[in-house]
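Since the structure comes first, as structure tokens, the remarks are kept for the end.
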Amino acid sequence: MDACSFRTPADDNRPSVPAPDSQILALLPHSATPYIAITLAGFAIGILGHLSGSRRAVAAGIVLIFLGALFFPLVLNLTESTPPEVENAR
């Protein structure tokens, strides 16, 4: 192999195997409804935990809010290959 030739992953004839991460990411929903539900459940659990004095319930609520409002949508947007279409772009 000389210095001017490059080999890319497409040069081999082996079938491509999807990464295990892509199979896990396929389980994430593509609509906003589950994320909103997780976030609202987090607020409800956090409020109930605060009213009852349970630090664990408050922490669980905060974690659910973080997952539903930031983490899962961010992971979904970072792993999508094509951006969603905008219907009424100006």
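Here are a few things to note about the model shown:
- Spin-label model distance (nm) - Phe43 vs Ile62, 7 Å beyond Cα toward Cβ: 1.8 nm
- Taken over region 38-79, the ratio of Cα radius of gyration to 2.2 N^0.38 Å equals 1.26.
- Here Leu27 and Thr82 are evaluated by their C-beta separation; at R0 = 25 Å the FRET efficiency comes out at 0.85.
Just so you know, all these numbers are worked out from the coordinates, no wet-lab data involved. Bear in mind the structure is a predicted one, so any value in this text is a computation, not a measurement. So basically every Cβ, Gly included, is an ideal-geometry build from the backbone, and we count neighbours across all protein chains shown.
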